[in-house]
Amino acid sequence: MGKRVAITGFGQTHHSARRWDVNGLELIQEAVTRALADAQLNLKDVDAVVIGNMDHFEGINYVDTWSVEGSGAFLKPIFKVTTGGTTGSTVGIAAYYHVASGLFDHVLAIGWEKNSESDTTGAIITCSDAIWDRFSYSGAIPSLAVEASAYMKRYGITQQDAARVTVRDRGNAVNNPYAHLRTAVTVEDVMHSPMLTEPIKLLDICPRSDGAAAVIFSSEDKAGKTCPRPAWVHSVSVRHDTTWFGDIDYVGIPSLASAAREAFHLAGIREPWKELDVCELYMPYSFAGLKWIESIGFCAPGQAPRLLWDGETDMGGSLPINPSGGVLSTNCIGATALLRVGEVAQQIMGKSDKRQVPDVRLGMATGFGGCFWSDVMILGADKP
Amino acid sequence: METRASERNPSLLAMEEIAHMPYHWAIGLDGSKFFQEIKEREVLLGIRCPKCRKVYVPPRLVCGPCFVKMDELVELGIEGVVEAVTLVNYPFIDPDTGDRRPVPYIYGYIKLDGADNLFSHIIKTPPGISVQVGDRVRAVFSRKKKGRIQDIAFFEPLPKRKPRSRASRD
């Protein structure tokens, strides 16, 4: 058993399609400065830094060393972690491991991306196997579309069901001043948006964003000193399966089911739907907002549309999902999963302003990456 | 290399570069056999795990879940069932060529007869014919074979069976 660890600070940039005004270093610096201010810490208090992005999206290697002017890691320990879409949650979990080891008191986790600097789909295709998959693999959107095709066929899910997920997330984003897309949409808007790859239309899929997030993890010895209401890490889980696209189960998402099961078990959660107060889930397209909450175990397979249509996952519902507007409103890939972690922590700290869910005691953040792998982090107001 | 200015604020610049970066990737023993069998006999090979008995395509050295070496190559059918499919309709840069990939096209995951996992490829259909999950398809091989995945030119749909005859097969 390691030391108990809490999140004591969170900072994010204002996200948009293209931040012409800053280079990558300057973007990172913006998030780090805000996280330090939020935690009421100085850079000298930070013992180590964990950073991640998708190297080839910006064509930059060794982002650890490259980033020091932005990250503040000059002459400090800094480690790079890159795991695709889960990068943000993985840097968060790696920072948690650092502090839990007892060797570090404050560790800064940073996720960032400037998607505007390359062709995101082309860059994502280079994540697939060069010999076997790259010829037919068509990037994130079509690989999610094939997943949707299997799920829709099995459970009779409609495109309108999925559109309801977009309506929720985009509606919530109106309350988030940092979100990239801040206009509410209707089911009709989604249905009438251009078909990109069947059944995914323009408003079913996340945008490509430029942005950065920074989260400070602190040991139990220090957390209470500067932060009146820290967000304690109750459990984490990381699950990878395989990068063979042909080995994936397109009807369920086993990595998320397995990660959620372990994270709930470690946190002592028996009825997640009842016990959790808020979720920030890495769901890059609308159908994930149905299928993947079934894999988490919030309802039986094929039953998610009912929860959505009944408003159970809206603000004010039984379990609000993505008060920030989620990934459908902002997707700066290396930062995206760390935004989920930071947003849940902020909900527990009670600092979420217009997007605040009342009295959050327990929340869940997830990361999703590449070949359908998953990270889960459970955060709580109570010291575990 | 070219420098461009922001339309909104021309004082902000960005540099553009198109890089050419050659690679050569080893295909490995079993993968090489897969392509050689296509070249010589137009046959598709899989490999069976000695522990869980699962048959994988394309053949590879290790079963990931069991973490054991595999060496039992098996011949698969060139037909299979579509398990997941989409029609791709938006333009993007193909990193293999540097050019835009021609759209629209259909790509999907096919369960080949005799295999337990799925095989990823493109599916070509006659005009007006769509492909659904559950449809049967067949590999069409390229005339010139170069030891690469495009030696299978594409998969094409098979005529749909009547429900009764399929039920009797099962």
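The values are calculated or read from the model by the stated rules, or taken from the named source; none is laboratory data. Owing to the predicted nature of the structure, the values given are computational and were not obtained by experimental measurement. Every residue, glycine as well, gets a Cβ built from its backbone with ideal geometry; the counts of neighbours run over all protein chains shown.
Taken over region B:22-31, the criterion of being surrounded by fewer than 14 Cβ atoms within 10 Å (Cβ to Cβ) and either more than 9 Å from chain A (Cβ to nearest Cβ) or among the hydrophobic types (A, V, I, L, M, F, W, C) (or both) is satisfied by B:Pro22, B:His24, B:Trp25, B:Ala26, B:Leu29. Checked against (1) away from chain B (no Cβ under 13 Å); (2) more than 30 Å from A:Leu308 (Cβ to Cβ); (3) at pLDDT 95 or above; (4) in contact with a strand residue (DSSP E or B) (Cβ under 7 Å, 6 or more places away or on another chain), A:Gly92 passes all but a single condition, namely (2). Among the residues of region A:131-146, is there at least one that is assigned to a helix (DSSP H, G or I), acidic (Asp, Glu), modelled with pLDDT under 95 and in contact with a helix residue (DSSP H, G or I) (Cβ under 8 Å, 6 or more places away or on another chain)? There is no residue in region A:131-146 that is assigned to a helix (DSSP H, G or I), acidic (Asp, Glu), modelled with pLDDT under 95 and in contact with a helix residue (DSSP H, G or I) (Cβ under 8 Å, 6 or more places away or on another chain). Of the residues A:Ser101, A:Ser136, A:Ser118, A:Ser89, only one is in contact with a Leu (Cβ under 7 Å, 6 or more places away or on another chain) and on the phi < 0 side of the Ramachandran plot; which? Only one candidate passes the filter, namely A:Ser89.
Taken over region A:105-152, residues that are more than 8 Å from every other protein chain (Cβ to nearest Cβ) and free of Cβ contacts under 8 Å to residues at least 24 places away in the same chain amount to 1. Among helices (runs of 4 or more DSSP H) entirely within region A:20-108, having at least 3 residues that are not charged (D, E, K, R) singles out A:24-39, A:63-66, A:68-71, A:87-100. Only residues that are facing chain A (nearest Cβ under 7 Å), of a type in the set (A, V, I, L, M, F, W, C) and farther than 23 Å from A:Leu202 by Cα were counted in region B:80-138, giving 2.
Close Cβ contacts (under 6 Å, 6 or more residues apart or on different chains) running from residues in region A:221-238 that are of a type in the set (Gly, Ala, Ser) to residues that are assigned to a loop (DSSP other than H, G, I, E, B) comprise A:Ala223/A:Pro230.
Scanning region A:136-183 for residues that are in contact with a strand residue (DSSP E or B) (Cβ under 8 Å, 6 or more places away or on another chain) and of a type in the set (Phe, Trp, Tyr) yields A:Tyr137, A:Tyr178.
Pairs linking a residue in region A:243-264 that is touching a residue at least 12 places away in the same chain (Cβ under 8 Å) and away from chain B (no Cβ under 12 Å) to a residue that is surrounded by 18 or more Cβ atoms within 10 Å (Cβ to Cβ) and assigned to a helix (DSSP H, G or I), with Cβ atoms under 6 Å and 6 or more positions apart or on different chains, are A:Gly252/A:Ser295; A:Ile253/A:Trp292; A:Ile253/A:Ser295; A:Leu256/A:Trp292; A:Leu256/A:Ser295; A:Ala257/A:Ser295; A:Ala260/A:Ile296; A:Phe264/A:Pro272.
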